[in-house]
Structures are given as structure tokens and as C-alpha cells.
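Scroll down for the structure; my scribbles are underneath it.
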Amino acid sequence: MPDLLPTRRALRRFILTHRRALAAICVGLAVFSAMSALQPTTAGIAIVAAARDVPSGHVLAEGELRTVELTSSVIPDGAERDVADVAGRSVAAPLRKGEVVTDVRLLGSSLLKGYPAGSVLVPVRIEDPATLTGMGVGDRVNVVAVDPGEELAAQIIARGLPIVAIPEVGPDDRGDGVVVHLVAPEESAVILATAGITSSMALVGAGGANLD
């Protein structure tokens with residue numbers, strides 16, 4: 001069996017002589033491995049995001065949208081892929097600049113996800129926007145019908161309906177009122193639509209979790 005002692009001694013001398021260079025090489029390899037791990041392994045997917053802050057109820061224009069690329073692992077469910085499909089639609093809740101636009105952020109049937117079967121999206125016009133102060137998406141409200149001629153007493157015609165879209169209003173907003181979108185059972189939607197023809201509508205806060 002050959003004597004390996006001289007070989008081991010030579011290797012030891014080589015390591016001791018070049019220990020700094022070898023250490024630098026090891027550090028470089030470690031850095032390279034770490035950087036490689038941080039690089040995306042797949043190409044990004046283009047999705048739609050807000051190019052500026054957008055208030056609730058706002059109709060989106062193409063200039064207020066942009067595309068960003070994200071890896072599939074971080075893209076939220078329902079993310080919109082085409083600016084042309086989003087432009088012209090109204091947002092159900094405020095969007096921050098850079099926020100990804102998803103289906104539940106836009107007015108449409110997607111807002112009904114998670115609600116009982118048979119629920120429908122109901123627009124309710126509120127004559128005085130100032131009465132909406134302090135209300136927001138997710139709040140439950142009672143809907144009050146008010147006779148413009150003051151011949152009939154005001155009455156609650158629906159209770160505990162959740163707000164799913166509400167416009168941003170200022171203290172000077174009046175005009176033709178604003179539209180708030182609620183989720184309601186079909187039978188309540190009919191009552192609300194009928195009352196909206198002859199009565200003024202108002203919302204008041206409500207507790208509980210009923211969709212009456």
C-alpha cells in the first residue's frame with residue numbers, strides 16, 4: 001500500500017499557504033448560491049394594478065391603470081389580466097396606487113361571493129350623501145323609505161343589508177344623490193326597487209347579520 005503521508009503533508013502545506021485565497025473562494029460561492037436562490041425561477045405574469053389612488057365608486061379610465069409582472073405564487077385569486085377589460089368599470093371599494101385589481105374590487109356578480117344563494121346586488125339611490133358619513137363597505141344598514149309628500153310616515157323596508165360598494169362623497173356633494181350598492185335577498189330587492197320609484201331612500205346603521 002503506498003505511503004500517503006507525503007501527499008497529506010503537501011496538501012496541508014498547500015491549504016496553509018493559500019488559506020486566504022481558498023476562504024475568499026468559499027465566500028464567493030456562498031454569495032453566488034444565495035443570489036441564485038433569490039432569482040425568480042419563472043417568468044412574470046402581467047396583471048392589472050391601479051396607477052394611482054382611486055376612491056370607491058369611481059369609474060376607471062385606462063390612464064388610471066397599469067400592468068405589473070408578478071410570479072404566479074404571489075398573484076391573488078381573481079386578478080385582472082387586461083387593462084381593456086377593466087377600463088370603464090366602477091370600483092366597489094377604494095384602491096391604493098399599486099394595488100392589484102381583482103374581480104371582487106369591481107362592481108359585478110363577483111361581489112356576491114360568500115353571500116347566501118339567491119342574493120342579488122341592489123343599487124339604492126340616496127338623495128342626501130351627507131347621511132352616508134361614517135358608513136363603509138361591509139357595514140350593515142337598514143333601508144328607510146321616506147314619502148316626499150310627507151303624507152306617509154317613514155318606514156324601514158329592509159334590515160341588516162351589507163354595503164358592498166359606496167362612493168366617496170364630500171360635504172358639498174348634492175345634485176342627484178349617490179348610488180350605494182347593497183346585497184339583498186330577491187324578495188327584498190323587489191321591495192327596494194318598487195319603493196325607489198315613489199319614495200326617497202335613506203340608510204341607517206344596523207346590527208345583526210340578517211339579510212331581510
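The values are calculated or read from the model by the stated rules, or taken from the named source; none is laboratory data. Being a predicted model, the structure only gives us computed values, none of them experimental. Every residue, glycine as well, gets a Cβ built from its backbone with ideal geometry; the counts of neighbours run over all protein chains shown.
Every test in (1) surrounded by fewer than 17 Cβ atoms within 10 Å (Cβ to Cβ); (2) among the β-branched types (Val, Ile, Thr); (3) not in a loop (DSSP other than H, G, I, E, B) is passed by residue 137 save one, and that test is (3).
Scanning the stretch 53-111 for residues that are assigned to a helix (DSSP H, G or I) and surrounded by 12 or more Cβ atoms within 10 Å (Cβ to Cβ) yields 62, 64, 83, 85, 86, 103, 104, 105, 110, 111. For first residues located in the stretch 109-137 and closer than 10 Å to residue 179 by Cα, partners that are among the charged types (D, E, K, R) and lie 6+ apart or on another chain with Cβ distances below 8 Å form the pairs 125/176; 129/173; 129/174. For the stretch 91-104, the tally of residues that are under 13 Å from residue 64 (Cβ atoms) and either more than 13 Å from the chain's Cα centre (by Cα) or of a type in the set (D, E, K, R) (or both) stands at 3.
Pairing residues of the stretch 95-106 that are not assigned by TED's automatic domain parsing to the domain that holds residue 84 with residues that are charged (D, E, K, R) and part of a helix (DSSP H, G or I), at Cβ distances under 9 Å and at least 6 apart in sequence or on separate chains, gives no pairs at all. Among the candidates 151, 187, the residue that is modelled with pLDDT under 90 and farther than 23 Å from residue 90 by Cβ is uniquely 151.
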